Amino acid sequence: MAVAGGPQSGKSTLLRTLVTALALTHTPREVQFYCLDFGGGTLASLDGLPHMSGVAARVDTERVGRTIAEVTTLLARRERFFLEHGIDSMATYRKRRAAGEFPDEPHGDVFLVIDGWATVRQDFDRHIPTFNALAARGLNYGVHLIVTTARWVELSSSVRDQTGTRLELRMGDPMDSQIDSRKAATVPRSAGRGLTSDKLHYLSALPRVDGVEDADDLADGVAGLVAAIGENWTGPTAPRVRMLPSTLPVEELPEPEGENGLRIAIGLDENELAPVWHDFAENPHLIVVGDTESGKTNLLKLVARGITQRYTPAEARIMTVDYRRELVESVPEAYRLGHAVSLDMLRDLVDGAARAVRQRVPGGGHRSVAHAVVRLVAGAAAVHPGRRLRHGGRRADDAAVRPAPRPSGAGARGGVAPGGGAVLGGSRARVERVAAAAVAGGEHAGAADVVSAQ
C-alpha cells in the first residue's frame with residue numbers, strides 16, 4: 001500500500017488510522033507492525049500497542065537497520081517454513097494457524113510501515129533493494145509494505161509496480177497526481193482530503209475513539225486509543241525488534257570447537273543475531289581492522305581464550321607482538337612462546353618463527369612439528385568493509401573482521417589457530433629452542449597462524 005500527498009496533507013495521520021484500525025480488528029498474534037518513522041515522529045505514539053514490534057526514528061540508524069533486518073530475516077524464514085510444511089498460500093497459513101497448528105510461530109501478517117520515502121532515498125538508499133525485494137516477494141508470505149511519499153515518481157519502480165492499493169491525498173502539485181491532475185487541483189487544502197481512484201473526493205478518519213472530531217488535540221486522542229487497546233489485551237504481545245547488546249559477555253558465546261582445526265565464535269551477527277564463527281582450518285589467518293577503542297585488542301584476547309580452552313600447551317603455543325603492552329595478562333605462562341614489545345625483539349621472534357616454519361615445509365629434510373605455533377600481532381594494515389558485529393566484552397560497531405588471504409606457496413595447513421594474549425620474554429634463541437624441542441614424528445605439519453590487529 002502507498003499513500004501520496006503534499007506537505008501537511010495528512011499522510012502520517014492516515015498511517016496511524018490504518019494501523020490502529022488493524023489493531024482494533026485483529027489480535028497481536030494475527031498482525032504485527034514494524035515502523036520506520038521518518039515523517040516527524042508521529043508513529044512513536046503507537047509504540048505502546050501490543051501489536052507493535054518497534055518504531056525506529058531516522059536518527060536511530062542502528063534500530064532502523066535492525067528493523068529492516070528483522071523483517072528480511074522473517075521473510076526468508078517464512079519461505080523455508082512454507083516449503084517444509086506444504087503451505088501453498090498465506091490464506092492456508094492463516095487457516096491452519098487459527099486451527100491451532102504452528103503454536104510456536106509468533107508472527108501472522110507482518111506490516112513494514114515506512115513514513116517518509118524521501119528520507120529513504122536521501123539517507124537510507126542502500127536499503128532500497130531490500131524494500132524492492134520485500135515488495136516483490138513479501139505479499140505471498142504475509143509480509144506487507146506500507147509507505148508514504150510526497151510524489152508518486154519518488155517511489156522506486158519495483159515498489160510502485162507492486163503497490164496494489166494507492167491512496168492519494170492533496171498533492172503539492174496537481175500535476176503529480178496519478179488519478180486526474182484537473183480533479184486533483186480541486187481537492188481542498190485541508191489535511192485528510194484526497195481523491196479516490198474513481199475521481200471522487202474523500203476525507204480520511206482520525207485515529208481516535210473518544211468521540212472528538214477535532215485534530216487539535218489528536219495526540220491525546222491517539223494516546224487514549226493506544227492505552228485502551230493495551231488495557232483490553234491480556235495475551236502475548238508482538239515480538240519486539242531484537243537489538244545488538246551494548247556489551248556481550250564472553251560467557252554467552254558458544255565454546256570453541258573443531259575436530260581438525262579451531263572454530264571460535266567472535267561475536268554476534270547483525271542480521272540474525274547468531275554467533276559469528278571464524279574457522280582457522282579454512283582460513284588460517286585473521287586480520288582485525290577498526291578505529292580507536294573499537295575493540296581490536298579485546299578480540300585478540302577472545303581468540304587467545306579460545307586457543308587456551310581448546311588446546312593444551314603441548315598442542316599450541318602463542319607468540320605475541322604487542323607494542324602497547326596490553327596483552328601481557330592474556331596468555332597463561334604455559335602457552336607463552338615469545339613476546340615482542342620493540343622492533344629489535346620483533347626481528348628476533350620473526351627470524352626464529354621463520355626457521356621453525358621452514359622445518360615443516362615438505363621436503364625440508366626435517367620431521368614435522370607436532371604442535372602449532374601461533375602469532376598474535378597488535379599492528380597490521382588492512383581495510384575491509386566487513387559486516388558489523390559485536391564481539392565478547394566490547395562493542396565493535398566499526399570493526400571489520402575478515403580472513404586474510406593465504407600466501408601462495410604456503411605449507412601444510414595447521415589445525416590450530418592464532419591466539420590473543422601476551423608472551424613474556426622471548427628471544428630468537430628461545431623460539432628456536434622451543435620449536436626444536438617440539439619437533440616430533442607427527443603425521444601433519446601445523447602451519448604458523450597469524451592474528452593481527454590494526
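We did not get these values from a lab; they are worked out from the coordinates using the rules stated. Fair warning: this is a prediction, and the values are worked out from it, not measured in the lab. Glycine also receives a Cβ, built like all others from the backbone with ideal geometry; neighbour counts cover every protein chain displayed.
For the reader, a short list of remarks on this structure follows.
- Cβ-derived FRET efficiency at R0 45 Å, His26 paired with Asp180, nearest 0.05: 0.85
- Centre separation in Å (Cα based) which lies between segment 264-302 and segment 147-169: 41
- Couplings for segment 306-311, taken from phi via the Karplus curve 6.51 cos²θ - 1.76 cosθ + 1.60 with θ = phi - 60°, read x, 5, 5, 6, 8, 10 Hz in order; Gly and Pro are left as x.
- Segment 3-37 residues near the modelled Val59 label - backbone nitrogen below 20 Å, point 7 Å along Cα→Cβ: 35-37
- The aspartates and glutamates within cross-link reach of Lys183, meaning a Cα-to-Cα straight distance under 20 Å and a gap of 8 or more places when in the same chain, are Glu168, Asp173, Asp198.
- Applying the Karplus relation 6.51 cos²θ - 1.76 cosθ + 1.60 with θ = phi - 60° to segment 27-44 yields 3J(HN,Hα) values of 7, x, 7, 8, 9, 9, 10, 10, 10, 10, 9, 9, x, x, x, 6, 6, 4 Hz, where x marks Gly and Pro.
- Amide proton proximity set for Phe111, modelled H, under 5 Å, gap of 5+: Gln32, Phe33, Tyr34, His144
- Segment 201-250: C-alpha gyration tensor shape, a/c 1.5 cut-off, then a/b vs b/c: prolate
- Dipole magnitude of segment 191-300, debye to nearest 20 (Cβ charges: Lys/Arg +1, Asp/Glu -1, about Cα centre): 320
- Highest to lowest packing among 270-278, 32-40, scored as the average C-beta count within 10 Å: 32-40, 270-278
- Using a Förster distance of 41 Å, the FRET efficiency for Ala44-Val250 (Cβ separation, nearest 0.05): 0.70
- HN-Hα J in Hz across segment 101-108 - Karplus 6.51, -1.76, 1.60, θ = phi - 60°, x for Gly and Pro: 6, 6, x, 8, 8, x, 9, x
- Working from label points 7 Å from Cα in the Cα-to-Cβ sense, the Met243 to Thr73 distance is 1.5 nm.
- Segments 337-350, 42-55 sorted - mean Cβ within 10 Å per residue, highest first: 42-55, 337-350
- Per-pair calculated FRET efficiency, R0 = 51 Å: Asp279 and Ala118 via Cβ, rounded to 0.05: 0.70
- Extension gain for the segment Asp351 to Ala228, taken as residue separation times 0.36 nm less the Cα-Cα distance, is 36.9 nm to one decimal.
- Of the peptides 3-12, 58-67, 309-318, the order by per-residue mean of other Cβ atoms within 10 Å, starting with the highest, comes out as 3-12, 309-318, 58-67.
- In this simple spin-label approximation, Glu154 and Glu257 carry label points 7 Å from Cα along the Cα→Cβ vector, and these lie 4.8 nm apart.
- Dipole axis of segment 1-117 (+1 Lys, Arg; -1 Asp, Glu on Cβ), positive-most option in Thr27, Ala2, Ala56: Ala2
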